[in-house]
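The values are calculated or read from the model by the stated rules, or taken from the named source; none is laboratory data. Keep in mind it's a predicted model, so treat the numbers as computed, not measured. Cβ placement follows ideal geometry from the backbone for every residue including glycine, while neighbour counts extend to all protein chains displayed.
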Amino acid sequence: MTELEQYVTSYFGVAEPEELEIISSFFKPETIKKGDYFLLTGKAADKLSFIQTGLLRVFLATENKEVTQWISTKGYFVTDLSGFIFEQPARWTIQALADTELFTIKREDYKKIGTLMSKWHELEKLFIARCFTTLEDRIFSHLSMSAEERYTLFFEHNKSLFNQVPLQYIASMLGMTPETLSRIRKK
């Protein structure tokens, strides 16, 4: 099983080799250089990608600051999901923090899968449910955990990011100031 097929299986739950082959055939390799953009706020969110190598930061620039929503790493998918599904302009900007290799599917190809696979709409529903559950978990941690507990949980699962990503991005993603993150790290 190829790396792409593993990603597709983990996110969409595809088990049949024929289905996996159909879905995987629509994904194409793409490379983004460090500092370049995968997507800009206000532009068409017309692709969905799985990260093979590299890092992508999902953020929004407000009047006073940039707010990091997520840092996507190897094995995760990346897009502005709302823009991709509802064909609306992207809310998020997505920028490469390192040279990044992706497997990318265009929205029009994503839609074609439903005409080729009767089971696709159920698989897509499971994919979106997984995205929603991840969002619920993040919201719950922000509402129920202290800044220190959020840091500890994130650090336990993402130790390598602390050597690869500017700490202000991690602080923003965890809902704290860089000063608070620094103070927690000193403990």
Review point. Within region 40-63, can one find any residue that is out of contact with any Ser or Thr (no Cβ under 9 Å at 6 or more places or on another chain) and part of a helix (DSSP H, G or I)?
Key: no
Review point. Within region 87-116, can you find the residues that are modelled with pLDDT of 95 or more and either hydrophobic (A, V, I, L, M, F, W, C) or in contact with a His (Cβ under 6 Å, 6 or more places away or on another chain) (or both)?
Key: A90, W92, I94, A96, L97, A98, L102, F103, I105
Review point. Being within 15 Å of L48 (Cα to Cα), touching a residue at least 40 places away in the same chain (Cβ under 8 Å), touching a Pro at 6+ places or on another chain (Cβ under 8 Å) and not in a helix (DSSP H, G or I), is that true of even one residue in region 80-99?
Key: no
Practice item. Determine whether region 130-140 contains at least one residue that is closer than 23 Å to Q52 by Cβ and either touching a Gly at 6+ places or on another chain (Cβ under 7 Å) or touching a residue at least 24 places away in the same chain (Cβ under 8 Å) (or both). Key: yes
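Please count how many residues of region 46-59 are in contact (Cβ under 8 Å) with a residue 60 or more places away in the chain and not basic (K, R).
Count: 4.
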